[in-house]
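Visitor: Below is a structure I'd like to ask you about.
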Amino acid sequence: MGKITISTLNKMKTSGEKFVCITAYDATFSRIISEVGAEAILVGDSLGMVLQGHDSTIPVTIDDMAYHTECVCRAEPQSLVIADLPFMSYPAVDEALVSATRLMQAGAHMVKMEGGTWLSDTISKLVERGIPVCAHLGLTPQSVNTFGGFKVQGRTPKEAKSILADAVEIQDAGASLLVLECIPSHLAADISSKLDIPVIGIGAGAGTDGQVLVMHDLLGLSEHTARFVQNFMEGQSTIRGGLKAFVDAVKSGQYPQEEHTYS
Ligand code: KIV
């Protein structure tokens, strides 16, 4: 696998080849995830839960994200590295520019931010300054307290319409990628087919252009997991084997199955 860029993912969307993203927070996993052929690595603010032991991503700071992004990038993975802007590090354009600059200087190739229409100006400004953006819609974990828990989003016609409108608007604002989390599979498939930019799903069914899972979940290490998680360590004797099994399952269309999706 050569160096993966956003152009690679655009070409894969056009050709219908599924791509894979896995979260990583350190150099060792960054190297292995790249070696097993995942096209993207997400330095997710999920590190607040799986590394730091918090019950949400809200306590994660920009210092935490910069540190882990540096660790991941030090392994020089072939995969595209996307780093999460944490809670309240992008409340307005100026703060977003400062926070995103930190993550790009830590080695990220793209930053991810949670939200729709209200982020349009911020996305345009970042892109204008040379910072590619991955947007994140649906169950956006930084808004867990607004949602009243980690709940599936987009089930009512009104919610579905709003998520689709947000997706179109963030694409128009200049976002390069979109993560859709925990929404009905028919909605995710509809959004993926309507957008030109690649869409990565998590708990969003098989109709997205790529799939992402939190590494600890797919390796069967998490105490509680959602319906969409499969333990890819089953039948594997090494962690490398578990990570490779996830990559292979996405690429061959074996994951996700109906049992992993929401309606
Ligand atoms: O922080 C994270 O790991 C994420 C994924 C769940 C998409 O945002």
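Visitor: If I model a spin label as a point 7 Å beyond the Cα along the Cα-Cβ vector, how far apart are those points for residue 55 and residue 194 in nm?
Guide: With each label point 7 Å from Cα toward Cβ, the separation is 3.6 nm.
Visitor: Taking the simple approach of a point 7 Å from Cα along Cα-to-Cβ for both residue 155 and residue 225, what is their distance in nm?
Guide: 2.3 nm
Visitor: In whole angstrom, note down how far apart the Cα centers of segment 25-104 and segment 188-217 are.
Guide: Centre-to-centre (Cα) distance: 19 Å.
Visitor: Give the accessible area for residue 102 in Å² (nearest 10); use a 1.4 Å probe, count only protein heavy atoms, and leave out ligands, DNA and RNA.
Guide: Accessible surface of residue 102 is approximately 100 Å².
Visitor: Follow-up question, since we're still on this one. Heads up, I need the accessible area for residue 54: 1.4 angstrom probe, whole protein in place, Å², nearest 10.
Guide: Counting only protein heavy atoms, the figure is 80 Å².
Visitor: Further, regarding this structure: What order do you get for 146-158, 19-31, 230-242 when each peptide is scored by the mean count of other beta carbon atoms within 10 Å, highest first? Present the calculation step by step, with values, prior to reporting the outcome.
Guide: On the way: 146-158: 12.8, 19-31: 22.5, 230-242: 15.0.
Going by the mean number of other Cβ atoms within 10 Å, highest first, we get 19-31, 230-242, 146-158.
Visitor: Semi-axes, largest first, in whole Å: what does sqrt of 5 times each Cα gyration tensor eigenvalue give for segment 63-150?
Guide: Working: eigenvalues 92, 52, 26 Å².
Sorted largest first and rounded, they come to 21, 16, 11 Å.
Visitor: For residue 11, give me every one of the lysines with a C-alpha distance below 21 angstrom, ignoring sequence neighbours fewer than eight places off in its own chain.
Guide: In chain and number order, the partners are 3, 112, 194, 251.
Visitor: Between residue 3 and residue 257, 0.36 nm times their residue separation minus their Cα-Cα distance comes to what?
Guide: Details: separation 254, 0.36 × 254 = 91.44 nm, distance 2.97 nm.
Fully extending the segment from residue 3 to residue 257 adds 88.5 nm.
Visitor: Could I ask something else about it? Around residue 211, under 14 Å between beta carbons, what's the net of Lys plus Arg minus Asp minus Glu among the other residues?
Guide: Within the 14 Å Cβ shell, the charges total -3.
Visitor: Taking the solvent-accessible surface of protein heavy atoms with a 1.4 Å probe, what is the per residue accessible area of the chain in Å²?
Guide: Using a 1.4 Å probe on heavy atoms only, each residue of the chain averages 42 Å².
Visitor: Now, a different point. By how many nm would the segment from residue 248 to residue 11 lengthen if fully extended, with 0.36 nm per residue of separation less the alpha-carbon distance?
Guide: Details: separation 237, 0.36 × 237 = 85.32 nm, distance 1.90 nm.
Difference between extended and current length: 83.4 nm.
Visitor: Still on this structure, please answer the following. Tell me the Kirkwood radius of segment 132-223: reciprocal of the mean inverse pair distance over distinct alpha-carbon atoms, in Å.
Guide: Details: mean 1/r = 0.0745 Å⁻¹.
In segment 132-223 this quantity evaluates to 13.4 Å.
Visitor: Run lengths n ≥ 4 of DSSP H only: what is the helix-derived mean residue ellipticity at 222 nm for the chain, with -39500 (n - 2.57) per run over all residues, to the nearest 500? Display every interim value, and only then the final one.
Guide: On the way: 11 runs with 106 residues, N = 263.
The helix-only estimate for the chain comes to -11500 deg cm²/dmol at 222 nm.
Visitor: Return the FRET efficiency for the residue pair residue 186, residue 234: r is the Cβ-Cβ distance, R0 is 30 Å, and the value is rounded to the nearest 0.05.
Guide: Numbers: r = 29 Å, r/R0 = 0.95.
About 0.55, to the nearest 0.05.
Visitor: Please build a GNM for the chain, connecting alpha carbons under 10 Å apart, and tell me which residue among 162, 15, 34 fluctuates the most.
Guide: 15
Visitor: When averaged across all projection directions, what area in nm² does the alpha-carbon convex hull of the chain cover?
Guide: Answer in nm², one decimal: 12.2.
Visitor: Carbon-plus-sulfur fraction of the accessible area of the chain, 1.4 Å probe, in percent? Numbers along the way, then the final one.
Guide: Working: 5660 of 11090 Å².
On the chain, the fraction of accessible area on carbon and sulfur atoms equals 51 percent.
The values are calculated or read from the model by the stated rules, or taken from the named source; none is laboratory data. All figures in this text were calculated on a predicted structure; none of them were measured in a lab. Positions of Cβ are backbone-derived with ideal geometry, glycine not excepted, and every protein chain shown enters the neighbour counts. Just the protein is used for accessible areas: all its heavy atoms, side chains included, with ligands, DNA and RNA removed. Shrake-Rupley method; radii C 1.70, N 1.55, O 1.52, S 1.80 Å.
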